[in-house]
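Below is one structure, written out as structure tokens; comments come after it.
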Amino acid sequence: MLGRYKNNVVGLLAVMLLLFGCGQKEEMPTTSVGRAAIYITDDYTHEEIGPKVLVANKGFSEAFLKKNYNNPALLKEFRASTKKEVLFGIQNTTSNYWILFKVINQSTIVQDLVFYTPHMGSDALKMYSINKGKLKPCGQIHRLTPLYQRSSQFFDFALPLSVQAQDTTIFLLKSSRFMGFHRLIPQIATPQYYAKLSIYQNGTHLIECSFIVALMLTTFFLGLFYKQKSMLYFVLYLSNLLLLLLSYFGYLDFFSPSNRISINSSSLSLFSLLGCNITVHPFMYHLVRVPPSILKTYRQGAIILIFFNLCVVLLGFLPPNVFMYFNIFMATSVNTLAAINMCWILYHAFIIFVKAKIPQLLIIELIIFLPPLVQVISNWLFFKTFIFPHLTFLPHLSIAAFFVLLLLQLKNDLTTMKNLRLLERNLIKIRKTEIEAIGRNLHDNVGNILVSAYEYLNLKENKLEIIQSLLIDAINEVRFISHNLVNDKEYAITEKIDALVSRLNDCSIVNFKYRDFSLEKLNTLAPYQQQNIYMIIQEIMTNIIKHARATEATLQIFDTEQTIQLIVEDDGIGMENAIPNNGIGLKNIKKRAAISNFKITIDSTTNGTNFIIEIPYEN
């Protein structure tokens, strides 16, 4: 079984090996502390200070800081940052890094400020200030610090700062990271600005999460009620996406199930991303109705990717003291697998576009997945840092787009089910009419022949030749009716037509000929369409035998550029002389053609009748 996955395994492993070694730290030019100055004026509100901070080249202890904070050589341990996001790399042996920045208060009053940063790239912060040659702590915060013990009751990492009027203070911040990528987006704001920003952000986050929960419940009940696999898989994907958002927003900071495993608030976002990687593939596979053969390669690759993601998830059940040795592999592999997953999903949409001519999914997935993928690749190419944007899957856009696709699919399925029920009712009506016609044939033809034979038997003078002829007619009529009732669903329609022609040649005086020039294209039609075309042909041939007074009839099947064409010709007396246009058989032919979207043309003269049936390829 592994043989058929061989090519996919080799390709995916090659990409993973190429990308696994890309978790390096960002290089920064050396600079002096003078450049790391933040100027505070009377109208100051907020600022992203990433480009103005100095970053330690390596981690050092608080004892080292307390001993050397007045030593000018300490500055040699730092280098300048150039971007708003400070990247320390992947935590391994060094879990603590320092940044240094200088705040110059140019106003005439004491300035109380707030230092804050999203907590996703750090697990703990501790701030020190250096003023007038004295080092003192300003505050600290940990991921597990309860809200009531924080300086601000919000989920960001925030610490208070204070700078005297017309004074300068140097601040040193220690950031600790125990698992995953280590990074900060340092910012400073006034308490009023920070409070307004945090209230707005937390309100927005609660609305977003509530919306996802409501959408999950709606999709779950719709999926159960209408038996839609794609909707149920979408709920699984949404549950992992919700977990990722809750972790990103800080609402799960206090999650710590057990000290024996490594799945905790620090690593939950990584495992949530792995969950998204796993659940997105079953959802994508069932999202669009296409023949399974189109998605064979995608399915094999998806199984391989799900297997690798599950293997990385199992690392989370290792004890923390063992897991620390897999930290670099864990952080890099999660993001590598996420990148490969997005590429494979885009491949899935591309295959559907090329082979099934469905462009909507490709357009939506390019909008959703291409920007973060390009950003990841550019980070690796230019900065040798293989990390993702903060919100990899652009959840709001993806949820809206996918939910719309699911609703459209549900609408199409309901319409199809309604049409199938209508089709079933119509077929039952047609079949009932045909059964009634068979009953009339038995009564009018076979019954009358047998009654006539019985009357001849009661004559004083027996006319055996006439009686024998009548009984042979009755036998042939019964054979003809029974042949039309033969159930041979296990055969292809072309074989059934061939068998029908053979039977009719055995029990009628008409010489039927059958030629298929379409290479058996009729066998590609839907089952109910095959049944209808067979019943139409059978009805036409029955009418030829009973009414046309023909000696020869031909059925030919052709494959044109846009249609499959069936032509039935006979050399009889024509329909106007044989049967009325409102006959039951002709009505059934037209009904079956309308149900299956066949175009039927009848050309009848006194020299014979032509039935032309055209089946469009879109059927």
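Pairs are defined by a Cβ separation below 9 Å, a sequence spacing of at least 6 or placement on different chains, a first member in the stretch 311-335 that is modelled with pLDDT under 80, and a second member that is open to solvent by 80 Å² or more (accessible area, probe 1.4 Å); the pairs so defined are M324/T93; M324/F178; N327/F178. Residue under question is V374, and the condition is that it be modelled with pLDDT of 85 or more, part of a helix (DSSP H, G or I) and out of contact with any Phe, Trp or Tyr (no Cβ under 7 Å at 6 or more places or on another chain); does it hold? When the stated conditions are applied, V374 does not pass them.
Taking the stated definitions as given, is F60 in contact (Cβ under 8 Å) with a residue 12 or more places away in the chain, part of a strand (DSSP E or B) and hydrophobic (A, V, I, L, M, F, W, C)? Considered against the rule, which asks whether it is in contact (Cβ under 8 Å) with a residue 12 or more places away in the chain, part of a strand (DSSP E or B) and hydrophobic (A, V, I, L, M, F, W, C), F60 comes out as no. Considering (1) part of a loop (DSSP other than H, G, I, E, B); (2) under 27 Å from I475 (Cα atoms); (3) open to solvent by 20 Å² or more (accessible area, probe 1.4 Å), the lone condition that G572 does not fulfil carries the number (3). Just a yes or no: is a residue in the stretch 121-135 of a type in the set (D, E, K, R), in a strand (DSSP E or B), out of contact with any strand residue (DSSP E or B) (no Cβ under 6 Å at 6 or more places or on another chain) and surrounded by fewer than 20 Cβ atoms within 10 Å (Cβ to Cβ)? Yes - at least one qualifying residue is present in the stretch 121-135. Name the residues in the stretch 399-413 that are under 11 Å from the mean Cα position of the chain (by Cα) and of a type in the set (G, A, S), would you? A401 - this is the single residue of the stretch 399-413 that is under 11 Å from the mean Cα position of the chain (by Cα) and of a type in the set (G, A, S). Checking K513, K599, K521, K546 one by one, the residue that is within 24 Å of N419 (Cα to Cα) and open to solvent by 40 Å² or more (accessible area, probe 1.4 Å) is K599 and no other. In summary, R150 fulfils each of the numbered conditions (1) surrounded by 16 or more Cβ atoms within 10 Å (Cβ to Cβ); (2) under 39 Å from the mean Cα position of the chain (by Cα); (3) without any contact (Cβ under 8 Å) to a residue 12 or more places away in the chain with the single exception of condition (2).
Picking from residues in the stretch 433-472 that are acidic (D, E) and at pLDDT below 75, the one that is farthest from S508 (Cα to Cα) is E461.
Checked against (1) over 30 Å from N277 (Cβ atoms); (2) small (G, A, S); (3) part of a helix (DSSP H, G or I), S152 passes all but condition (3).
A single entry from M535, M541 fulfils the requirement of being touching a Phe, Trp or Tyr at 6+ places or on another chain (Cβ under 8 Å) and either hydroxyl-bearing (S, T, Y) or outside any strand (DSSP E or B) (or both): M541. Checked against the criterion of being under 34 Å from the mean Cα position of the chain (by Cα) and either open to solvent by 40 Å² or more (accessible area, probe 1.4 Å) or farther than 27 Å from N105 by Cβ (or both), the candidates Y193, Y200 yield just one match: Y200.
Residues in the stretch 287-303 that are in contact (Cβ under 8 Å) with a residue 12 or more places away in the chain, surrounded by fewer than 18 Cβ atoms within 10 Å (Cβ to Cβ) and assigned to a helix (DSSP H, G or I): 5 in all.
Out of everything in the stretch 227-278 that is open to solvent by 40 Å² or more (accessible area, probe 1.4 Å) and within 16 Å of the chain's Cα centre (by Cα), what residue ends up being nearest to D156 (Cα to Cα)? Filtering first and then ranking leaves S239.
Here I345 fulfils each of the conditions (1) in a helix (DSSP H, G or I); (2) over 27 Å from I358 (Cα atoms) apart from (2).
Taken as a whole, the condition of being open to solvent by less than 30 Å² (accessible area, probe 1.4 Å) and touching a Pro at 6+ places or on another chain (Cβ under 8 Å) applies to M342. Pairing each residue of the stretch 158-173 that is open to solvent by 50 Å² or more (accessible area, probe 1.4 Å) with any residue that is of a type in the set (S, T, Y), provided the two are 6+ apart or on different chains, yields C-beta distances under 6 Å for P160/S151. Against the list (1) closer than 30 Å to N321 by Cβ; (2) open to solvent by 20 Å² or more (accessible area, probe 1.4 Å); (3) among the β-branched types (V, I, T); (4) assigned to a strand (DSSP E or B), the condition I104 fails is (1). For residues that are at pLDDT 90 or above and under 21 Å from T45 (Cβ atoms), tally how many sit in the stretch 118-137. Selection size over the stretch 118-137: 1.
The values are calculated or read from the model by the stated rules, or taken from the named source; none is laboratory data. Computed from a predicted structure; not experimentally measured. With ideal geometry, Cβ positions are generated from the backbone for all residues, glycine too; neighbour counts draw on all protein chains shown. All accessible areas refer to the heavy atoms of the entire protein, side chains included, with ligands and DNA or RNA removed. Shrake-Rupley method; radii C 1.70, N 1.55, O 1.52, S 1.80 Å.
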